[in-house]
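Below: one structure, written as structure tokens.
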Amino acid sequence: MSGWRLRLLFLVALLAAWEALFRLRLWPSYVFPSLSSVISSLISGFTDRSYPLALGSFTLTIGSYPSAIGVSLRRILVGYGLSLGIGIPLGLLLGRVKFVQDTLGSIVLGLQALPSICWLPLALLWFGLSEKAIMFVVVMGAVLSVTLSTADGVHNTPPLYLRAARTMGARGLRLYTGVILPAALPAILSGMKLGWSFAWRSLMAGELLYYSLGLGQLLTMGRELNDMSQVIAVMLVIIAIGLLADRAVFAPIERRVRERWGLQPAR
Amino acid sequence: MKLELRSVSKTFQTRRGDTHALQDITLDVAAGEFVCLLGPSGCGKSTLLNIVAGLEKPDTGEVRMDARPVTEPGRDRVVIFQEAALFPWLNVRDNVAFGLAAVGVPRSERMAKTDRYLQIVRLGSFKKAFVHELSGGMKQRVALARALALEPEVLLMDEPFAALDAQTRDSLHDELQDIWAQTGKTILFVTHNVREALVLGDRVLLMSARPGHIKREFRCELPRPRHIEDHALVDATLAVLADLREEVLAAAREEVEHERLAA
């Protein structure tokens, strides 16, 4: 049996077991919802489930998945974009300038050990209950892995490439943009991929904790309403978005680059 | 003289103490001459080439090209390495054009030169190919075209064919002799293969290790183009081999044996 058929069969069996277990009525439905109620939560979440909410001068519909997805995606695009904008240049510096490596390098490594959500209390004190606080947590979650991977890639530029480029008269900025940056690209890409998943996790954690209108808040709302099928439906949406970004965006780019760079045989 | 090396010495500090890579090397290479540096691995021949390239600095002594001291890499002396050192993110044409782009040659001129030199190495139909799609021999031919495109006066070749199979190497020997005859470049060629040195060189300088120095010099005046299986060349090879002392012999004999078995 080929791989995907086996996986499909396993999934169907798992879902069937779930529904069967629910029918035994061992737990109340707010602890263990049925498959069908999760599916209907999903459907209504995408179709009609919205509560108009007045927020000062403007109104927003919350509770509908598309609007929550929109809010979360906008946040992650901004936060992740910032992370790349800070992380890649910082990584280039870290990889090439020994002084920066010796000073900032150890701090970056140390901060990497801190789970990003631990920045939230600090962010709330600095920025208040605001968009900025969440953005800060997202950036702190993603920027360090982007920085470290970039620095690593730069650091591991094959010396042969540099020597070849230098004997051909390349120097300065040309050496950077023409050789070091492209040589480091596979490492930068894996840093970007890692950074994205860190950013996504940090965002969800941040959104859980306050009135944020994003997917994270839908989870909190589900809990507050004892609506377990909503909680699980939103979890599925979060997983789907994470997987989609990984499979549809990062994996193809990474595969192409690794093939071209000769790091993995072409299929 | 195109290249003049005067009392060049180089010592590397290692954890096991100092290694005298090169000691007091004095050497002249005339314009248009093909000189091979022959020696076992570890004799400092690559270090010497790197110093001529300007990639390393000698501790003492001096290298001059056209009577001007060499202090840094320059595209009048392009190096071809054992691993082709092509950039995998560029296709063949852009690899060949890299050096020209680096010094701001306009696009139309760049493309014309690139195409011309790709023709010379017989890869005209592989312009759009990427590095991972090429064989080892093709990669070295691209590296050769890339060096030639800069139109340097001196080519510095660091065991460029050592990683190739015997057939590919033989055909590249032919091509290199052709290109040399056509362009009149000055070539300094590093190898540990006695026969390769005698096929290619007008002069073969035998280097010996620890400390690295030039032990003997052979002139090779056999008619060109030379081939590895020419009888005169095989005789000359044996004469050179007979002339070597034991340390060099050991490394070289192994090489010749290996080739004889492969042939």
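Just so you know, all these numbers are worked out from the coordinates, no wet-lab data involved. Source: prediction; values computed, not measured. Because the Cβ atoms are built from the backbone with ideal geometry, glycine has one as well, and the counts that use them run over all protein chains shown.
Return the percentage of antiparallel bridges among DSSP beta bridges fully within segment B:135-234, rounded to the nearest 5 %.
On the way: 6 of 11 bridges.
Given both bridge residues lie in segment B:135-234, the antiparallel proportion sits at roughly 55 percent.
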Query - Estimated 222 nm signal from helices in chain B, with DSSP H stretches of n ≥ 4 weighted -39500 (n - 2.57), rounded to 500 - result: -12500 deg cm²/dmol
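Do the sum for chain A: with -39,500 (n - 2.57) for every DSSP H run of n ≥ 4, divided by all residues, what is the mean residue ellipticity at 222 nm, to the nearest 500 deg cm²/dmol? Walk me through the intermediate numbers first.
Numbers: 12 runs with 192 residues, N = 267.
After summing the helix terms and dividing by residue count, I get -24000 deg cm²/dmol.
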Requested in this report: For A:PHE32, list long-range residues whose amide hydrogen, built 1.01 Å from N in the peptide plane, is under 5 Å from its own amide hydrogen.
Outcome: none
Query raised in the report: B:LYS45: which aspartates and glutamates have alpha carbons under 12 Å from its alpha carbon, excluding same-chain residues fewer than 8 sequence positions away?
Result: B:ASP158, B:GLU159
Query raised in the report: Which shape class, rounded, prolate or oblate, goes with segment B:41-129 when its Cα gyration tensor gives a ≥ b ≥ c as root eigenvalues, a/c under 1.5 marks rounded, and past that a/b bigger than b/c marks prolate?
Result: prolate
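Using a 10 Å cut-off on Cβ to Cβ distances, tally the other chain neighbours for every residue of A:172-185 and report the average as a whole number. Don't skip to the answer; put the middle values down first.
Numbers: counts 0, 0, 5, 1, 0, 0, 6, 4, 0, 1, 4, 3, 0, 1.
Mean partner-chain Cβ count within 10 Å for A:172-185: 2.
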Requested in this report: Please give every one of the lysines within straight-line cross-link reach of A:LYS193, meaning a C-alpha to C-alpha distance under 24 Å, and leave out same-chain neighbours fewer than 8 residues apart.
Outcome: A:LYS132
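Using the structure shown, select from B:LYS10/B:LYS127; B:LYS2/B:LYS128; B:LYS57/B:LYS215; B:LYS10/B:LYS113; A:LYS98/B:LYS10 the pairs with a Cα to Cα distance greater than 30 angstrom. Before the final figure, lay out the partial values.
Details: B:LYS10/B:LYS127 41 Å; B:LYS2/B:LYS128 36 Å; B:LYS57/B:LYS215 22 Å; B:LYS10/B:LYS113 38 Å; A:LYS98/B:LYS10 26 Å.
Result: B:LYS10/B:LYS127; B:LYS2/B:LYS128; B:LYS10/B:LYS113 exceed 30 Å.
Roughly what % antiparallel, to the nearest 5, for the DSSP beta bridges in chain B?
Numbers: 23 of 41 bridges.
Roughly 55 percent of the beta bridges in chain B run antiparallel, per DSSP.
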Query raised in the report: Under a point-charge model restricted to the Cβ atoms of Lys and Arg (+1) and Asp and Glu (-1), what is the dipole moment magnitude of chain A relative to its Cα centre, in debye to the nearest 20?
Result: 1060 debye
Report summary line: Connecting every pair of Cα atoms under 10 Å apart in chain B and solving the GNM, the largest mean-square fluctuation among B:LEU200, B:LEU238, B:LEU118 falls on B:LEU238
Report task. Considering only B:GLU159, B:GLU175, B:GLU196, give the residue with the highest GNM mean-square fluctuation for chain B, with springs between Cα atoms whenever their separation is below 10 Å. Result -> B:GLU175
Report task. Counting only C-alpha contacts under 8 Å and six or more residues apart, can you give the relative contact order of chain B as a whole percent? Result -> 25 percent
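Over all residues in B:79-86, what is the mean tally of Cβ atoms on other chains that come within 10 Å of each residue's Cβ?
Average per residue, whole number: 4.
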Requested in this report: Run the numbers on segment A:115-197 and let me know its relative contact order in percent, using alpha-carbon pairs under 8 Å that are six or more apart.
Outcome: 36 percent
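If you restrict to DSSP beta bridges whose two residues both lie in the protein assembly as shown, what percentage is antiparallel, to the nearest 5? Please list the in-between numbers first.
On the way: 28 of 46 bridges.
Close to 60 percent.
For segment A:69-260, what does the relative contact order come out to in percent, with C-alpha contacts under 8 Å and a separation of six or more? List each step's numbers first, then the result.
Working: 226 pairs, mean separation 47.5, N = 192.
25 percent.
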Query raised in the report: Summing Lys, Arg as +1 and Asp, Glu as -1, what charge do residues with Cβ under 9 Å from the Cβ of B:THR60 carry, B:THR60 excluded?
Result: -2
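Which of the peptides A:111-119, A:179-187, A:2-10, A:143-151 is most tightly packed, and how do the rest follow, judged by the mean count of other Cβ atoms within 10 Å per residue? The partial results should precede the final answer.
Working: A:111-119: 14.8, A:179-187: 20.7, A:2-10: 9.2, A:143-151: 27.0.
The packing order, highest mean first, is A:143-151, A:179-187, A:111-119, A:2-10.
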Requested in this report: Based on the mean of other Cβ atoms within 10 Å per residue, sort peptides A:220-230, B:206-216, B:42-52 so the most packed one is first.
Outcome: B:42-52, B:206-216, A:220-230
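Considering every residue in A:256-264, what mean count of other chain Cβ atoms within 10 Å of its Cβ is obtained? Mind dumping the intermediate values first?
Working: counts 0, 2, 0, 3, 8, 6, 7, 2, 1.
Partner-chain Cβ atoms within 10 Å, mean over residues of A:256-264: 3.
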Report summary line: Checking B:VAL234, B:VAL190, B:VAL204 against a Gaussian network model of chain B (alpha-carbon springs below 10 Å), the top fluctuating residue turns out to be B:VAL234
Query raised in the report: In terms of modelled amide H atoms, which long-range or inter-chain residues lie less than 5 Å from the amide H of B:ILE25?
Result: B:SER7, B:VAL8, B:SER9
**Report entry** Sorted peptide list for B:143-154, A:86-97, criterion being average Cβ within 10 angstrom, highest first
**Finding:** B:143-154, A:86-97
